[in-house]
Amino acid sequence: MGSLCSRQRHNQAGSEENEQTAEIERRIEQETKAEKHIQKLLLLGAGDSGKSTIFKQIKLLFQSGFDEAELKGYIPVIHANIYQTIKILYDGSKELSQSLEDSSKFVISDENKEIGDKFSEIGGRLNYPRLTKELAHEIETLWRDSAIQETYVRGNELQLPDCAHYFMENLQRLSDADYVPTKEDVLYARVRTTGVVEIQFSPVGENKKSGEVYRLFDVGGQKNERRKWIHLFEGVSAVIFCAAISEYDQTLFEDDNTNRMMETKELFEWVLKQPCFEKTSFLLFLNKFDLFEKKVLKVPLNVCGWYKDYQPVSTGKQEIEHAYEFVKKKFEELYFQSAAPDRVDRVFKIYRTTALDQKLVKKTFKLVDETLRRRNLFEAGLL
Amino acid sequence: MIEELNLGEVPSVFICPISLEPMQDPVTLCTGQTYERSNIMKWFSLGHYTCPTTMQELWDDTVTPNTTLHHLTYTWFSQKYVQMKKRSEDAQGRASELLGNLKKVKGQARIQTLKELQRVVANHSTARKTVVDEGGVALLSSLLGPFTSYSVGSEVVAILVNLSLSSESKMSLMQPAKVSSVVDVLNEGSIETKINCVRLIETLMEEKDFRTEVVSSHSLLVALMRLVRDKRHPNGHLPGLGLLRSISALKEVRGLIVSIGAIPQLLGLIPVLNPECVEIALFVLDVLSTVPEGKQALKDCSNTIPTMVKLLMRITECCTDYALSILWSVCKLSPEECSLTAVDAGLAAKLLLVIQSGCSPVLKQRAAELLKLCSLNYSDTIFMSKCKLTRTIQ
């Protein structure tokens, strides 16, 4: 009797376990099914191409954005950017003042030299001090020095981050004791992405939910991090490749001798040829258009080897459009030359973006969503 | 009036049994059947004295005007005409209203407005004029740009294609960003939309100040070739090939067309195209053979020669002309190699056929020259045997 009872209890316990296991298996199956409906988007591109900014924008647009704690989390990054910027500018001015041409205009005024040296030292540390009002004031004084301004103009020769001007002009606000970064500040904040970050979101259309669920992955961009991307390549619906078109006169962070545009070109080619992307849609974001617009009228496109056959046709807005079309055509040419003939039915679209402009990113993403949805309908045979 | 109306449902009693057209002067025979006067009089003049529908012999050759039917016909058509006129005016009003809306709305509302405008414009020529007169073209053109969604772009193209565009509006549409959005729609669209895009681009190409760079685009050419190759939608072949022909006429773009692999694709298509399309495809291949890359690509393609040989004397004289020209280009490029292949494919017999046919003298001359070129590598006897001439000689 006793043994019967205990066996029953044992059976009961056994069946409970079975139930649990069954439940877990059911959950796994459900989630795997759900996974299949999640469209994976992979953000690729060279370092500094704006991938992370796009990532942040998506977070701001289609998720709950950043709460106060997250915003405040960016303060050290922003302050670091400031120290890095001023160090690059100061060291840069010293370097340029030793070159042969116009060296005098890069010489820092005597009263600012001490400040300069101080920040050159701080900028080289592993840990930066908190940005106080006094420090901010000193940085501002240095920033206003004409030698630094002249150096800023030659920023493309140094590794000056794009956020330089924005942060330098907002030093007062950024050094407030109770400073909470704005969304814009966060978008400008520059930190090198290591590893992989992902977010899941659903683009909210006019009728609230469009139904599509996307998972966006952002990976590190510098050369030494590319091996980390490989395991992500499987099953991706679309690659969003970011290319900063304003970089045609800049060199790599990791390698001062390589032109950034050429690096982007090589990377794009490499990505296009990957066998795992046979059926993947390619969405090319020609990013940093706002910087491109300003630069193209001052720095001719043909300083970059890839663009050496460029001929300007006019001035002003027309010239900007013409230059942009030229760059666009170069990428198109590259795409069709690198794509194997059997891949010619892949979706390939080019978008003009300025990752920092939230409205534009939203518009762009709506177009991306439309294209991907049409593609799905097409593949399901419904179009 | 009858011609202006475009009706499918004319009541059968108004239709003449002989011509199947509405009767304008109905007359009744003694059998009670009614016909159009001129038609039945013609029937009589040919010597018949029967009623065409009942086959009865007529006992009385008088024809009586059927005034009742005439009156009814006239009334029915007049009513229809008035209705049409009213709808047309309504359409004009509606078109005007829709244009006004278009200036104000965005998002889904914009798409719906465009869809309705497209329907109105497609069905009423008066509406088309209204749209053009009220600056609709500029408005629609302004909707095309780097941020144009597919839904908007496809409707805009569908509307523009129905309107007569001024020189100025065509120049405006040639702006790179606008052309890009049309090309995007061409890439992504349904077959009807693709055909619309093709037609729109053709219209732009007719403009005298047309700039070649507008069509000098990988994306456009690849999209066009995709349309031409689409086996599921053969109705796209002719428009696609037509545009390809227009583009290939521009010298500067020929290299680009070759570089996207158009030549092997066209060659592969020829067996499945209808004769009209084959002629255009051959025209394009012929034009492409005038550039070095084209000649090379034709030579590199293993089925160029067999396909061309097969086409000689098969379809139209034009096709034979193009095929000959292509064969000539390829054989001239590497005579030994190609004449071998050509002769093996039965070229000689075909050429003799051309020479002996009723084709133009120029064509015969070409055929003779090609025959000579191919025979250079053989001794007479071997060549003869290769030609399989026995049947022809017979």
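The values are calculated or read from the model by the stated rules, or taken from the named source; none is laboratory data. These figures come from a predicted structure and were not determined experimentally. Because the Cβ atoms are built from the backbone with ideal geometry, glycine has one as well, and the counts that use them run over all protein chains shown.
Restricting attention to region B:230-254, the residues being out of contact with any Cys (no Cβ under 7 Å at 6 or more places or on another chain) and either assigned to a helix (DSSP H, G or I) or touching a residue at least 60 places away in the same chain (Cβ under 8 Å) (or both) number 16. When A:Val219, A:Val186 are screened for being surrounded by 12 or more Cβ atoms within 10 Å (Cβ to Cβ), at pLDDT 85 or above and not polar (S, T, N, Q), only A:Val186 passes. What residue, of B:Leu98, B:Leu144, is touching a residue at least 24 places away in the same chain (Cβ under 8 Å) and either surrounded by 15 or more Cβ atoms within 10 Å (Cβ to Cβ) or of a type outside the set (Phe, Trp, Tyr) (or both)? So the residue among B:Leu98, B:Leu144 that is touching a residue at least 24 places away in the same chain (Cβ under 8 Å) and either surrounded by 15 or more Cβ atoms within 10 Å (Cβ to Cβ) or of a type outside the set (Phe, Trp, Tyr) (or both) is B:Leu144. Taking (1) closer than 24 Å to A:Asp345 by Cβ; (2) away from every other protein chain (no Cβ under 14 Å); (3) of a type outside the set (A, V, I, L, M) in turn, B:Gly153 satisfies each apart from (2).
Only one entry of B:Leu102, B:Leu114, B:Leu140 meets the criterion of being modelled with pLDDT under 90 and away from chain A (no Cβ under 14 Å), and that entry is B:Leu102.
Scanning region A:158-182 for residues that are free of Cβ contacts under 8 Å to residues at least 12 places away in the same chain and either crowded, with 16+ Cβ neighbours inside 10 Å or more than 17 Å from A:Tyr74 (Cβ to Cβ) (or both) turns up just one, A:Glu169.
Within region A:320-335, the only residue that satisfies the criterion of being more than 8 Å from every other protein chain (Cβ to nearest Cβ) and charged (D, E, K, R) is A:Lys330.
Against the list (1) touching a residue at least 40 places away in the same chain (Cβ under 8 Å); (2) part of a helix (DSSP H, G or I), the condition B:Asn162 fails is (2). Scanning region B:170-220 for residues being within 14 Å of chain A (Cβ to nearest Cβ) and of a type outside the set (Lys, Arg) gives a total of 30.
Regarding B:Ala223, is this residue within 21 Å of A:Tyr335 (Cα to Cα), within 12 Å of chain A (Cβ to nearest Cβ) and within 22 Å of the chain's Cα centre (by Cα)? Criteria met by B:Ala223.
Looking only at residues in region A:190-206 that are surrounded by 15 or more Cβ atoms within 10 Å (Cβ to Cβ) and under 18 Å from the mean Cα position of the chain (by Cα), the one that is modelled with the lowest pLDDT is A:Thr193. In region A:347-383, of all residues being aliphatic (A, V, I, L, M) and assigned to a loop (DSSP other than H, G, I, E, B), the one that is farthest from B:Lys178 (Cα to Cα) corresponds to A:Ala380.
Answer yes or no: is there a residue in region A:309-319 that is among the small types (Gly, Ala, Ser), more than 14 Å from chain B (Cβ to nearest Cβ) and either under 22 Å from B:Ile191 (Cα atoms) or part of a loop (DSSP other than H, G, I, E, B) (or both). No - not one qualifying residue is present in region A:309-319. Residues in region A:336-381 that are more than 11 Å from chain B (Cβ to nearest Cβ), under 14 Å from A:Phe241 (Cβ atoms) and either in contact with a Leu (Cβ under 7 Å, 6 or more places away or on another chain) or among the polar types (S, T, N, Q) (or both): A:Ser338 only.
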